[in-house]
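Let me begin by presenting the structure, written as structure tokens, before commenting on it.
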Amino acid sequence: MRIRKTLWSNEAEPVIVIIAVLLLLGTINVFSSSFVKAATDFNNPYYFLLRHVIWLLIGIAVCFICSRINYHRWRKWLPWFLFLVVASLVAVLFLGNVVNGARRWLSFGGFSFQPAEFAKLLGIFVAANYLAVQVKAGRTIQVWSGPYFLMLIVAGLVELEPDMGTACIVFGVPFLMAFTVGIPWKHLKLLLIAVAILLPGLIVSQPYRLQRVLVTYDPWKDPQGVGYQAVQSMSTIGSGGFWGMGLGTGVSKYEYLPEAHTDFAFAIFAQEHGYIGVFMVILMFFLLMVCCYYIASRAQDFYGQILTIGIMLLIVGQAVGNLFMVSGAFPVVGIPLPFISYGGSSLIVTMASMGILLNICYHGRKSSSSHPEEDESREEETISSPQSANLHLVK
């Protein structure tokens, strides 16, 4: 009789469980945080929930489809994906809907989507394709290369909306992917100098950004003005205590906390579920990061490894950024919390990323169960490059 040594038979199973738990928590929280606004603005308390469920079903279908597509095919489809994303980003600047002074959404059939969200996934594909080629050839990683200049242009289109938070993710995640693989210190130093010069310029280019930065660490200087969002968010989180007020009974969604069901959905979640609920969500993202580590370590090739790292940085990185923003440690930059915040485009991109991650895991399992001689040849390819020292995790 064979005795299982672990709870899971493969790395995909815990990922699926984590996705299911986060989606369930997110769906419950979307309704709880939005029914007041939905009833007030649309005379239907289920307005946002119904739309979220539609996006959720589409997202699950997208996740399933991406999990069945060999992740190497995305390299062949990359030029078409690049064209569609860039065309959408250009179109949104002229045809997009203006909300709160920003032009970020394109509408069709009563639904809106945000092209900048798909630019995040594009950045991962572009970086993974470039870095895999460089690592396999044993060449030096350079962020001053064509692919990174291309992503800088894409990030610039996002910034024109304006959306600095998303623009930083579009270029920042590919940069962190390169940093993980290994960048020569002289190149890293030049890039950090460029960021130190460019970032303040982007901040002062929009007066509201500078005001948000200035009040970040003391929002009570202007609690009814620029600091209002941060003050209300921190008060919302603190009022939940250890056990929370209870599902649906949080008071901040009654027009006290703006964006209560989108970027600041986690504050409502913390108020209603307390610190115990906060710990659960943080634990889920931590476990997802651990799963990504193991999937990357067993990936079939460099491209799969780097693509997994990019997905981990995108999903877990956004979660960390959102938690810091909601807790007042970061300025308000409009970063959604994956799985939890309301938003169709964000959910679709997140679920597509999870589908790709599952496909990488599937091929990694096939690789580990292949013939010994195939494993040896693959291992020689994996360790042939000195650049793989920082990349290869446990092999």
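The values are calculated or read from the model by the stated rules, or taken from the named source; none is laboratory data. Because the structure is predicted, anything quoted here is derived from the model rather than measured. Cβ atoms come from the backbone with ideal geometry, glycine included; neighbour counts cover every protein chain shown. The protein model used for the area step is the full one, side chains on, heavy atoms only, and it has no ligands, DNA or RNA in it. Shrake-Rupley method; radii C 1.70, N 1.55, O 1.52, S 1.80 Å.
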In whole percent, and with a 1.4 Å probe on the protein chains, what portion of the accessible area of the stretch 19-124 is carbon and sulfur? 70
Tensor-based shape of the stretch 208-274 (alpha-carbon gyration tensor, a/c under 1.5 rounded, otherwise prolate or oblate): prolate
Between the residues L176, M164, W243, the Cα farthest towards the positive end of the dipole of the chain, that dipole coming from +1 and -1 charges on the beta-carbon of Lys, Arg, Asp and Glu, is from L176
Below 8 Å, C-alpha to C-alpha, sequence gap of six or more: please give me the relative contact order for the chain in percent. 25
Once fully extended, how much extra length lies between F108 and I16, figured as 0.36 nm per residue of separation less the alpha-carbon to alpha-carbon distance? 30.0 nm
By how many degrees, 0 to 90 and rounded to 10, does the Cα axis of helix 228-239 deviate from the longest principal axis of the chain? 80
Rg (Å, one decimal) plus Dmax (Å, integer) for the alpha carbons of the chain? 21.5, 69
Label-point gap, in nm, between H72 and F279 - each point 7 angstrom along Cα→Cβ: 4.6
Can you tell me the mean projection area, over all orientations, of the convex hull of the stretch 263-330's alpha carbons? Units nm², please. 4.8
27 Å Cα cut-off, lysine pairs counted over the chain (separation 8 or more, or different chains): 15
Cβ charges +1 (Lys, Arg) and -1 (Asp, Glu), total dipole of the stretch 19-111, debye: 380
What does the accessible area per residue of the chain come to in Å², with a 1.4 Å probe and no ligands, DNA or RNA counted? 47
Pop out the carbon and sulfur fraction of the accessible area of the stretch 146-277 as a percent, whole number, probe 1.4 Å. 71
Can you give the relative contact order of the stretch 245-363 as a percent, counting alpha carbon pairs under 8 Å and 6+ residues apart? 29
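Classify the stretch 1-127: rounded, prolate or oblate, from the alpha-carbon gyration tensor (a ≥ b ≥ c, eigenvalue square roots; a/c under 1.5 rounded; otherwise prolate if a/b is larger than b/c)?
oblate
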Burial order of peptide ranges 349-356, 75-82, 9-16 (average beta-carbon count within 10 Å, highest first): 349-356, 9-16, 75-82
Cα-based helix-to-principal-axis angle, 164-181 vs the chain, degrees rounded to 10: 30
For the pair Y208/V251, report the inter-label distance in nm, with labels modelled 7 Å from Cα in the Cβ direction. 2.8
Dipole magnitude of the chain, debye to nearest 20 (Cβ charges: Lys/Arg +1, Asp/Glu -1, about Cα centre): 400
Expressed in angstrom and ordered largest first, the alpha-carbon extents of the stretch 184-230 along the principal axes are 46, 19, 12
Which three extents, in angstrom, do the Cα atoms of the stretch 201-357 have along their principal axes, listed largest first? 54, 44, 25
Could you sort V98, V213, V326 by their accessible area in this structure, using a 1.4 Å probe and putting the largest first? V98, V213, V326
Expressed as an acute angle from 0 to 90° and rounded to the nearest 10, what is the orientation of the C-alpha long axis of helix 302-326 relative to the principal long axis of the chain? 20
What's the FRET efficiency of I58 with A91 using the Cβ-Cβ distance as r and R₀ = 30 Å, to the nearest 0.05? 0.90
Which whole number in µm²/s is D for the stretch 89-153 by Stokes-Einstein, with the Kirkwood Rh taken over Cα pairs at 37 °C and 0.692 mPa s? 236
Taking every pair of distinct Cα atoms and averaging 1/r, then inverting, what Kirkwood hydrodynamic radius in Å comes out for the stretch 158-276? 16.9
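Quick check on packing: order 65-74, 191-200, 19-28 by the mean number of other C-beta atoms within 10 Å, highest mean leading. Write out the running numbers ahead of the final one.
Working: 65-74: 15.7, 191-200: 11.6, 19-28: 17.8.
In decreasing order of mean packing, 65-74, 191-200, 19-28 become 19-28, 65-74, 191-200.
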With the label point 7 Å along the Cα-to-beta-carbon line of F286 and a cut-off under 16 Å to each amide N, the hits in the stretch 219-252 are none
What do you reckon, how do Y254, Y130 stack up by accessible area (1.4 Å probe), largest on top? Y254, Y130
Where in the stretch 271-293 does the amide nitrogen come within less than 17 Å of the point 7 Å from the Cα of F242, taken along Cα to Cβ? 271-280
